[in-house]
Amino acid sequence: MSLRIRWLGRVAYRDAHACQQALLQRKGNYLLLLEHPHVFTLGLRGNESNILVDPADVGAELVHTDRGGDVTYHGPGQLVGYPVMTVPGKRGGGLADTVAYVRSVEQLLIDVLGDLGLTGCGRLADYPGVWVAPGGDNPRKIAAIGVRLNRTRSMHGFALNVNCDREWFDRIVPCGIPDKAVTTLAGEGLEVSMREVVDAVAVRAADRWGRGEVDRADVAWRHSPDDLSSFSGGRVPDGGTDGEGRRQHPSRVPFSGGRVPDGVAHNKARRQSRMVEAGLGEGLAITERKPPWLRVALRTGPEFRRLRSVLHHRDLVTVCEEAGCPNIYECWNEGTATFMINGERCTRACGFCLVDTRYPEPPDPDEPERVADAVEAMDLDYAVITAVARDDLPDGGAAGFAATVAAVRSRTPGARVEVLIPDCRGDPSALNVIFAARPDVLNHNIETVARLQRVVRPSAGYARSLAVLGRAKRAGLVTKSSIIVGMGETDEEVAQTMADLAAVGTDILTVGQYLRPTSHHLPVARWVPPERFEWYQQAGLSLGLSHVEASPLTRSSHHAQQAYSQALLSTAEVRGA
């Protein structure tokens, strides 16, 4: 079985842990490589007295976790590796050989350090981890190891100090060992980049755990706080007011007199820089004619006009209109629609999306009832509810989803309800509010492949999206996601992303062609022909997804009811096999 190696960049501890828990339940072998923001983690047998400061006072998080060992520090400049894989068992038994596995992790790091030019590293008797000069008078710990084995499956792993600030280790008793020093590669005089270290680990891991068969994908190698929108980064923007006295986002001040606002020009330049870093070219000109299979006929029949009247009379917003969905005529004429709640202004500015990003207005407390009234008036069997990202709200808009699901079920008990949610900044308590509403389908879109995440949706994250889907699956929900193609990804990368979605338990996947909304959005890199979507469908099913809806015009909510029914049927067939 091949080893899937993923460089995930900087990932919150809780998101990485949720990914591991999801991967642990399945058979694939993964090595997750990443950095964490500043965090102290305390193992099952840890002693809180070994934390010498209040974590909040130094800008760190404290997490009680389910690995062995005492307290450790994780932060920028430290490579964290989480092997989630099947570990060989003891001879004659079904349990993994824990000692042999820990030795394997230690030896991998010893070999990597030697490859990088730091010799003389090894084990120190009676102490876990990897040490510099273990036989000398001053042994120094350079890598911590803490694992958890669930029968034959592993999680947690190692932390290798590359060039992290060693003062952080003075704020704890590292691993509960008071009389031994901690060091880094930089502290030992070896100046290497994180990318060089990741490459070295990947080579050794492929040989040791993957038998040379490796599938590797990396997110962007540059991390910057500027990647985050003002709200996502905790900064409330000041863009003045619009003509009605409402505050607005500075980067989305409406154009006037043919002038492009400074914020928009800045965003465009920043997006261009990200495109270069991701290896993207200029793409297709926005004036280039679409191929025949992407041309949609205007069909505003009586049912379309009736639904528009129902929705507008109730002052409701649909993502069909806001995002310029090409399927709006088909879906509305068939009597289905996707409702967008929590307002119509998004606190993020993804590179592909047409939704308004001016300063958001407060949520409307009557909105859930208006949606429920529309679902009843439209006599829907299946309602899809989505929302803009609301990073300005403490719960990311989770309460709005829960209230809307409850209102729809109260008015139309027989209706199935699918929710398409933002990531709620990965907050478990906020996500649990939505999960507790028990939607029939929990949809969260990963949107693109790992390499393009920073370009396409800089305020989100590949690992976080996998974590959201993994959490939803652990909560017992049917899960769904979407990939947009034609933004510069390769087919191999699409397959990698499908594999990752399947590995965290995703049931349903939609794949569709990217259509550039305006010249201020990302360019189209290619028109993907219809036969390639057939390949995506078959590849996704072979990787373990229950249902794949793939065509040039497919969008997240396209044929949502049919996809849900097919996923249930596929799941029932698997259970009965």
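The values are calculated or read from the model by the stated rules, or taken from the named source; none is laboratory data. None of these values were measured; they are calculated from a predicted model. Here the Cβ positions follow ideal geometry from the backbone for every residue, glycine too, while neighbour counts run over all protein chains shown. Please note that ligands, DNA and RNA were not included when accessible areas were found on the heavy atoms of the full protein model with its side chains. Shrake-Rupley method; radii C 1.70, N 1.55, O 1.52, S 1.80 Å.
Tabulated data for the structure shown
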{"read-out": "Cβ-placed point charges (K, R +1; D, E -1), dipole of segment 513-577 about Cα centre in debye, nearest 20", "value": "220"}
{"read-out": "Vicinal HN-Hα couplings computed from phi for segment 42-54 (Karplus, 6.51 cos²θ - 1.76 cosθ + 1.60; Hz; Gly/Pro x)", "value": "10, x, 4, 9, x, 10, 5, 5, 7, 9, 8, 9, 7"}
{"read-out": "For segment 105-211: rounded, prolate or oblate by the Cα gyration tensor [a/c cutoff 1.5]", "value": "oblate"}
{"read-out": "Cα gyration tensor, segment 422-577 - rounded (a/c under 1.5), prolate or oblate", "value": "oblate"}
{"read-out": "Enclosed volume per residue, in Å³, of the convex hull spanned by Cα atoms of segment 499-577", "value": "104"}
{"read-out": "Surrounding net charge for Gln513, when Lys and Arg each add one and Asp and Glu each subtract one, Cβ distance under 14 Å", "value": "-1"}
{"read-out": "For Ala278, net neighbour charge (Lys/Arg +1, Asp/Glu -1) across residues whose Cβ lies under 9 Å away", "value": "+2"}
{"read-out": "Burial order of peptide ranges 337-350, 454-467 (average beta-carbon count within 10 Å, highest first)", "value": "454-467, 337-350"}
{"read-out": "Distance between modelled label sites at Leu190 and Arg151, nm, 7 Å Cα→Cβ extension", "value": "3.9"}
{"read-out": "Pairwise FRET efficiency - His64 versus Leu284, Cβ, R0 = 41 Å, nearest 0.05", "value": "0.20"}
{"read-out": "Solvent-accessible area per residue, Å², over segment 454-577 with all protein chains present [probe radius 1.4 Å]", "value": "34"}
{"read-out": "For segment 1-124, with +1 on Lys and Arg beta carbons and -1 on Asp and Glu, the positive-most of Val99, Val87, His64 along the dipole", "value": "Val87"}
{"read-out": "Label-point separation, Thr119 to Glu167 (7 Å along Cα→Cβ), nm", "value": "3.5"}
{"read-out": "Segment 1-155: C-alpha gyration tensor shape, a/c 1.5 cut-off, then a/b vs b/c", "value": "rounded"}
{"read-out": "Reach of Lys480 by Cα under 14 Å, taken over aspartates and glutamates that are not fewer than 8 positions away in the same chain", "value": "Glu418, Asp423, Asp440, Glu447, Asp500, Asp507, Glu549"}
{"read-out": "Efficiency of FRET between Asp137 and Ser273 - r from beta-carbon atoms, R0 41 angstrom, step 0.05", "value": "0.25"}
{"read-out": "FRET efficiency estimate (nearest 0.05) - Cβ-Cβ, Glu303 to Ser2, R0 51 angstrom", "value": "0.55"}
{"read-out": "Relative contact order (%) - the chain, alpha-carbon pairs under 8 angstrom, separation at least six", "value": "12"}
{"read-out": "Given charges at Cβ of Lys, Arg, Asp, Glu: the chain dipole, positive-most of His17, His74, Pro517", "value": "His17"}
{"read-out": "Rounded percent of accessible protein surface that carbon and sulfur make up, the chain, 1.4 Å probe", "value": "49"}
{"read-out": "Amide H partners (placed H, <5 Å) of Ile142, local residues excluded", "value": "Val130, Trp131, Val132, Thr183"}
{"read-out": "Per-residue [θ]222 nm for the chain (sum of -39500 (n - 2.57) over DSSP H runs n ≥ 4, rounded to 500)", "value": "-9500 deg cm²/dmol"}
{"read-out": "Amide H within-cut-off set for Tyr30, under 5 Å, with H built and near neighbours excluded", "value": "Arg4, Val84, Met85"}
{"read-out": "Net charge of neighbours whose Cβ lies under 10 Å from the Cβ of Met85, counting Lys and Arg as +1 and Asp and Glu as -1", "value": "+3"}
{"read-out": "Share of pairwise Cα separations in the chain, more than 44 Å, in percent", "value": "21"}
{"read-out": "Assigned charges on the beta-carbon of Lys, Arg, Asp, Glu; the chain dipole about Cα centre (debye)", "value": "860"}
